[in-house]
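Enquirer: One structure, as structure tokens, below. Some questions next.
The values are calculated or read from the model by the stated rules, or taken from the named source; none is laboratory data. Just so it is clear, the model here is predicted, and its values are computed rather than measured. Every residue, glycine among them, receives a Cβ derived from its backbone with ideal geometry; neighbour counts consider all protein chains shown. When the accessible area is computed, the model is the full protein with side chains, heavy atoms only, and any ligands, DNA or RNA have been set aside. Shrake-Rupley method; radii C 1.70, N 1.55, O 1.52, S 1.80 Å.
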Amino acid sequence: MIAQLITSFIASAAFGVIFNAPRRALPQCGFVGMVSWGIYVLMNASYSTVLASLVATFIVGATSIVFARLYKTPVIIFSVSGIIPLVPGGLAYDAMRHFVQNDNIAALQLAAQAFFISGAIAIGLVIAEVLNQMLRKLATKLQ
Amino acid sequence: MEEKIDHLTYEIIEICLLAGKIMLQSGAETSRVEDTMTRIAAALGIPRSHSYVTPTGIIFSTDGAEPAKLIRITERTTDLHKVAEVNSVSRNLSNGDITMSEARLLLREIEAHPHTYPIWFQIVAASIASGCFLIMFQGGWFDFIPAMLCGGLGLAAVIFFQRLVAVKFFAEFSAAFLVGLFAFFFTEISIGYQVDKIIIGSVMPLVPGLLITNAVRDLMSGHLVSGLSKGAEAFLTAFAIGTGIALVFILF
């Protein structure tokens, strides 16, 4: 588990470099990626992969919004590095492999799962965004 | 007198378009580009402006009699540093910390800036990321080095092929093919053991993560045209990677 956390931190920060993120934002990028992967691995042990991805992306969205406020930088810098580990690359790969081997039924199952996980990632980001907007409206109303 | 005002308006439009162009070329989401342009225009004295931003072009007009201006975007890269820089210029301009001419100077500077990190450093980062992903996907440490080599090769190949031919999907397809080929080669000569894990780890730097996030955010904020076209681009990229890998499996 510790190796998983360390590697996810390094991998996410390295993705910050590939996306040309500002140098001072790289540790935060790594942190967001580490948190998202840690939650995903913990949840995946007892719940479905789709639910784990949903919760993990929601946390990514929320932490990214907090970081964006703190460091006055666009949200996208943090959220991109955070969701990269959750992208169902392995499943998509397996699906492709089965398609190539003419095992279409197994391939379709895997492809459907990859599709649902992508959807979960999208919805997780959206929920975080919507909650942020609601809180903002509430804050301006209270003022 | 009237001519002077017109000149000023044109200058404001030019600054807005420059800011929008840099942001869009660097991979910002559509709503942020529109928002920044409107904010800059408002800070410089045009309270009501309209912008229509798609991944391939920006149309910007003021509410007055001036003609709308169009900018064509042909090249898109990912440079989040520039997005953050333009964002802070617009923020400073709204707060009144810098003047119009200072803002224009800053934007020109940002536009001329090279990437934050040199290419070799990005390739090194890609190979480290690939190695780390291998561990995250339950691969063994003995495959760490082959995954690093394949991952670095993958990103280098994408950058190289994109310079060679302008077709982005072909570059991704060939890079994925090379990654698969070398992963097979490494397992053949028993430097690597699990070919699946090596390929999955080293293909990750090619995955269109930024496009997926941007597509979702655009769709949710009502920018349907941008959202759908970015989604299509992400899908095509994923498809190109998958086909490149599949071709290796068909051949061997």
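Enquirer: Is there a simple number for the mean count of other chain Cβ atoms within 10 Å of the Cβ of residues in B:133-140, and what is it?
Expert: Taking the mean over all residues of the peptide, I get 5.
Enquirer: Might you report the magnitude of the Cβ-based charge dipole of the stretch B:2-112 about its Cα centre, with Lys and Arg at +1 and Asp and Glu at -1, to the nearest 20 debye?
Expert: 260
Enquirer: Quick one: with all protein chains in place, what share of the accessible area of the stretch A:6-94 is carbon or sulfur, to the nearest percent (1.4 Å probe)?
Expert: 73
Enquirer: At 222 nm, what helix-only mean residue ellipticity would chain B give, in deg cm²/dmol to the nearest 500, using -39500 (n - 2.57) for each DSSP H run of four or more?
Expert: Estimated from H runs of four or more residues: -23500 deg cm²/dmol.
Enquirer: For a test of the definition: using alpha carbon positions, the gyration tensor, and the 1.5 limit on a/c, classify the stretch B:1-108 as rounded, prolate or oblate.
Expert: Taking the square roots of the gyration eigenvalues as a ≥ b ≥ c, the stretch B:1-108 is oblate.
Enquirer: Output wanted: per-residue J couplings in Hz (rounded whole) for the stretch B:29-38, from phi through Karplus 6.51 cos²θ - 1.76 cosθ + 1.60, θ = phi - 60°, x for Gly and Pro.
Expert: Along the stretch B:29-38, the couplings run 6, 4, 5, 5, 4, 4, 4, 4, 5, 5 Hz.
Enquirer: Separate question: For the charge dipole of the protein assembly as shown, defined by +1 on Lys and Arg C-beta atoms and -1 on Asp and Glu C-beta atoms about the Cα centroid, which residue among A:L131, B:M37, B:V89 has the Cα displaced farthest towards the positive pole?
Expert: Value: A:L131.
Enquirer: Let me ask another. Does any residue of the stretch A:92-123 lose at least 50 Å² of accessible area with all protein chains in place compared with its chain alone, and if so which ones (probe 1.4 Å)?
Expert: Buried by the other chains: A:Y93, A:M96, A:R97, A:V100.
Enquirer: Another question, then. Magnitude of the Cβ-charge dipole of the stretch B:63-204, K/R +1 and D/E -1, about the Cα centre, nearest 20 debye?
Expert: Approximately 180 debye in magnitude.
Enquirer: A follow-up question, please. Farthest toward the dipole's positive end in the stretch B:119-251, which of B:L228, B:F173, B:C150, given Cβ charges of +1 (Lys, Arg) and -1 (Asp, Glu) about the Cα centre?
Expert: B:L228
Enquirer: By average Cβ neighbour count within 10 Å, what is the ranking of A:123-135, A:52-64, A:23-35 from highest down?
Expert: Going by the mean number of other Cβ atoms within 10 Å, highest first, we get A:52-64, A:23-35, A:123-135.
Enquirer: With only Lys, Arg, Asp and Glu charged, each at its Cβ (+1 for the first two, -1 for the last two), find how big the charge dipole of the protein assembly as shown is about the Cα centre; round to the nearest 20 debye.
Expert: Charge dipole of the protein assembly as shown: 600 debye, to the nearest 20.
Enquirer: Take the alpha-carbon centre of the stretch A:1-17, take the same for the stretch B:188-252, and report the distance between them in whole Å.
Expert: Going from one Cα centre to the other spans 20 Å.
Enquirer: Let me ask another. What does the average come to when, for each residue of peptide B:240-249, you count the partner chain Cβ atoms lying within 10 Å of its Cβ?
Expert: Averaged over the peptide's residues, the number is 3.
Enquirer: Among residues other than A:A13 whose Cβ falls under 14 Å from its Cβ, what is the net charge (Lys/Arg +1, Asp/Glu -1)?
Expert: Combined, the nearby Lys, Arg, Asp and Glu give +2.
Enquirer: In Å², nearest 100, what accessible area do chains A and B bury in total when the solvent probe is 1.4 Å?
Expert: The summed interface area works out to 3900 Å².
Enquirer: Tell me the per residue accessible area of the protein assembly as shown using a 1.4 Å probe; a whole number in Å² is fine.
Expert: Per-residue accessible area for the protein assembly as shown comes out at 47 Å².
Enquirer: Based on the mean of other Cβ atoms within 10 Å per residue, sort peptides B:194-200, B:162-168 so the most packed one is first.
Expert: B:194-200, B:162-168
Enquirer: Select from B:P205, B:I189, B:A215 the residue farthest towards the positive end of the dipole of the stretch B:119-251; place +1 on Cβ of Lys and Arg, -1 on Cβ of Asp and Glu, and compute about the Cα centre.
Expert: It is B:A215, whose Cα lies furthest towards the positive end.
Enquirer: Normalised by the number of residues in the stretch A:1-103, what is the relative contact order in percent for Cα pairs under 8 Å and 6+ residues apart?
Expert: Result for the stretch A:1-103 is 30 percent.
Enquirer: Shifting gears a bit: What nm distance separates the two modelled labels at A:L5 and B:E75, each placed 7 Å from Cα along Cα→Cβ?
Expert: Label at A:L5, label at B:E75, 4.3 nm between them.
Enquirer: Same structure, new question: Where the centre of each part is set by its Cα atoms, how far does the stretch A:73-131 sit from the stretch B:1-56, in angstrom?
Expert: After rounding, the separation between the Cα centres reads 35 Å.
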